[in-house]
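Asks: To start, I am sharing the structure in question, which I have written as structure tokens.
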Amino acid sequence: MGLNTKKIDHIGIAVKSIDDKLRLYRDILGLKISNVEELKDRGLKVCFLNIGDSKLEFLEPISDNSEVSKFLEKRGEGVHHIAFYVDDIEKVVKNCEKSGFKVVSGIERGAEGKRVAFLHPKSTGGVLIELVEDNEAKE
Ligand code: ZN
């Protein structure tokens with residue numbers, strides 16, 4: 001089947017306040033911010049911090065009905081998803097669907113305009129998995 005994912009692209013962490021978390025992750029641990037962005041359609045502000053070849057992604061809700069506000073209400077702050085870097089997201093999504101793994105809402109545009117898809121935690125051992133395709137690396 002070949003290696004379809006080469007690294008963990010990022011780990012998503014649900015937080016109430018990104019600024020508050022930067023006091024540890026940026027100011028003490030010394031991680032550098034690579035991107036801050038508002039994803040209005042998902043009701044989220046996201047902040048990426050580089051750590052080696054991977055990143056941390058802080059997810060802060062900017063609307064009450066974002067998926068992350070529900071997560072925070074139910075479970076509090078913490079790890080929200082793990083994102084795998086894939087070369088060909090369409091192929092991986094197709095294989096998941098064929099094999100009975102639940103793809104949450106198909107391929108969509110995520111942060112930095114990258115194509116992303118999510119696998120439902122019920123079919124992955126309790127982990128929300130994000131697939132990320134780096135379209136820039138492809139061109
Ligand atoms: Zn993510």
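The values are calculated or read from the model by the stated rules, or taken from the named source; none is laboratory data. Note that the coordinates shown come from a computational prediction; the quantities given were computed from them, not determined experimentally. Note that we place each Cβ from the backbone using ideal geometry, even for glycine, and neighbour counts take in every protein chain shown. The accessibility values were calculated without ligands, DNA or RNA, using every heavy atom of the protein model including side chains. Shrake-Rupley method; radii C 1.70, N 1.55, O 1.52, S 1.80 Å.
Asks: Taking the conditions exactly as written (of a type outside the set (Lys, Arg), in contact with a strand residue (DSSP E or B) (Cβ under 8 Å, 6 or more places away or on another chain) and open to solvent by 30 Å² or more (accessible area, probe 1.4 Å)), does Asp53 satisfy them or not?
Replies: Answer is yes for this residue.
Asks: So, one more: Filter region 86-139 down to the residues that are farther than 19 Å from Lys6 by Cβ, loosely packed, with under 12 Cβ neighbours inside 10 Å and touching a helix residue (DSSP H, G or I) at 6+ places or on another chain (Cβ under 9 Å) and list them by number.
Replies: Those that are farther than 19 Å from Lys6 by Cβ, loosely packed, with under 12 Cβ neighbours inside 10 Å and touching a helix residue (DSSP H, G or I) at 6+ places or on another chain (Cβ under 9 Å): Gly100, Gly106, Gly113.
Asks: Could you go through region 43-59 and let me know if any residue there is within 20 Å of Asp9 (Cα to Cα), among the small types (Gly, Ala, Ser), within 14 Å of the ligand (Cβ to nearest atom) and touching a residue at least 40 places away in the same chain (Cβ under 8 Å).
Replies: Yes, region 43-59 has at least one match.
Asks: Turning to a different aspect of this structure: Can you find, within region 1-17, the residue that is most open to solvent (accessible area, probe 1.4 Å) among those that are away from the ligand (no atom under 14 Å from the Cβ) and among the aliphatic types (A, V, I, L, M)?
Replies: Of everything passing the filter in region 1-17, Met1 is most open to solvent (accessible area, probe 1.4 Å).
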